[in-house]
1. Could you compute Rg(Cα) / (2.2 N^0.38 Å) for region 71-110, with N its residue count?
2. Give, in nm to one decimal, the length gained when the segment between Asp342 and Glu67 is fully stretched (0.36 nm per residue of separation minus the Cα-Cα distance).
3. Taking the DSSP beta bridges in the chain as the whole, what percent of them are antiparallel, to the nearest 5?
4. Report the full-extension gain for the segment Glu52 to Glu83: residue separation times 0.36 nm, less the Cα-Cα distance, to one decimal in nm.
5. Can you give me the distance in nm between label points at Glu373 and Arg297, each placed 7 Å from the Cα along the Cα-to-Cβ direction?
6. What are the ³J(HN,Hα) values, in whole Hz, obtained from phi via the Karplus relation 6.51 cos²θ - 1.76 cosθ + 1.60 with θ = phi - 60°, for each residue of region 340-356 in sequence order, with x given for Gly and Pro?
7. In whole angstrom, note down how far apart the Cα centers of region 345-412 and region 66-127 are.
8. Taking the Cβ-Cβ separation of Glu116 and Trp19 as r and a Förster radius of 45 Å, what is the calculated FRET efficiency to the nearest 0.05?
Amino acid sequence: MTFRLLVGLVTMMSVLGAWGESQWYKGATHLHSLWSDGNAAPEHIIQWYLDEGWDFVCPSDHNVLMEGERYVKIAEGGKLTEERVAALQKQFGEDWVTVREGTGGAKEMRLKTLAELRERFEEPGKFTLIQAEEMTTIGGNPHINALNLREPVAGLKNEGDKSALIQHYLDTLQAQSEKYQVPMIAHVNHINFADRITTEEMLGVKGLYFFEVYNGHPSVHSWGEADKGIPSHERHWDVILSMKLRRDPGYLLYGVATDDSHEYFKFGVGKSNAGRGWIMVRSEKLEANALVAAMQRGDFYGSTGVTLRDVRADGKSLGIAIAGEEGVKYTTQYIGTRKGFDTSTKPQLDAEGKPLPRSSLLYSEDIGAVLHETTDLESRYIFTGDELYVRARVVSDVLQDNPHETGDHEMAWVQPVLPK
Ligand SMILES: [Zn+2]
Ligand SMILES: [Zn+2]
């Protein structure tokens, strides 16, 4: 099909295609509090998300659930100071805050459990909390977020094969989901963080359905590090989809956008702040199981500022309608890989011809090709039938207020779909 004809079809379908009104819920699935290495009490953080317009929050501390009795020391220069305790008392009431004298005379504050936070913040149809944990390998990657889990999962030591480590966490959560008959999600976090995960290690995992296409932490390299042979998250995504779909025609990998926030008192570039990346989930109810089930259907998108009115996929086409803001230009790219693509690979080498440490292989440009690009607010890509998958991304010409890297634009990532 020629490009001209394709554009004609896209335009025609934009006129014919019926856009619907959908209920989208805004959520944060990756954030830290004083239960692990975040610097604020969970109620301070949840109140922030609630005030800023989030509908659901999944506090995900490292290798711990927010249950049982846990006290944190109050100390000047520490994460919990007298001043911050006083601020909590002012915001939530004197009775809300529990302070005791700990061993050695130091004062300590008790952390609120998820049950107490639910009691305080949840309101049917307005706001909900989902139990979560960042299953964290001790001393490096992988870190995997478990959403809607019921029992804590212990972190493993950073030893041996990374595919096996990921597999362990995914299998553990899958067994829990079957035991409790509750839908749960495991999303692989920040592939490019610390000792990182290679594309090939990701390809060695079974049952991998979610990963972070965007993580707002300033040291995770969402866009990759070309000089070190580290692909962007999106490049990992396209390679994994393409290589997996050759053998498993129904396979899909969905991308989430997250904050991975740790710092809640000072905001700015270089800080690990809340509000940079989120997901919008199309669900009939604002309730944990329904939201997780919607995500498992792929009925959500990731965002760092671009809002969509609608996403439509029917096996023959993928269409999106952007909730455009006045004076803002949006570029939508439909991205995919065609059947019979070039599957050759090359190692990424340093100046002396040695493979770069912990680098991923180089794959052909056939993978993740831009199939169509438009600046229309409403657009639709009609499948030619030879695509393995098609996904979309929208880039706004507006820069993010508080980016994880200077120069980040507001974006949205629409999940991949399969032609039928
Ligand atoms: Zn992490
Ligand atoms: Zn984290």
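No lab work stands behind these numbers, since they all come straight from the coordinates. This structure is a prediction, so every number in the text was calculated from the model and none was measured. So basically every Cβ, Gly included, is an ideal-geometry build from the backbone, and we count neighbours across all protein chains shown.
1. Details: Rg = 9.7 Å, N = 40, 2.2 N^0.38 = 8.9 Å.
Output field value: 1.09.
2. Length gained, Asp342 through Glu67: 93.9 nm.
3. On the way: 61 of 74 bridges.
Given both bridge residues lie in the chain, the antiparallel proportion sits at roughly 80 percent.
4. Values: separation 31, 0.36 × 31 = 11.16 nm, distance 2.34 nm.
Additional length available on full extension: 8.8 nm.
5. Roughly 3.4 nm, to one decimal.
6. Computed from phi, the couplings for region 340-356 are x, 5, 5, 9, 5, 9, 9, x, 9, 10, 8, 4, 8, x, 9, x, 5 Hz.
7. Region 345-412 and region 66-127 have Cα centres separated by 43 Å.
8. 0.60
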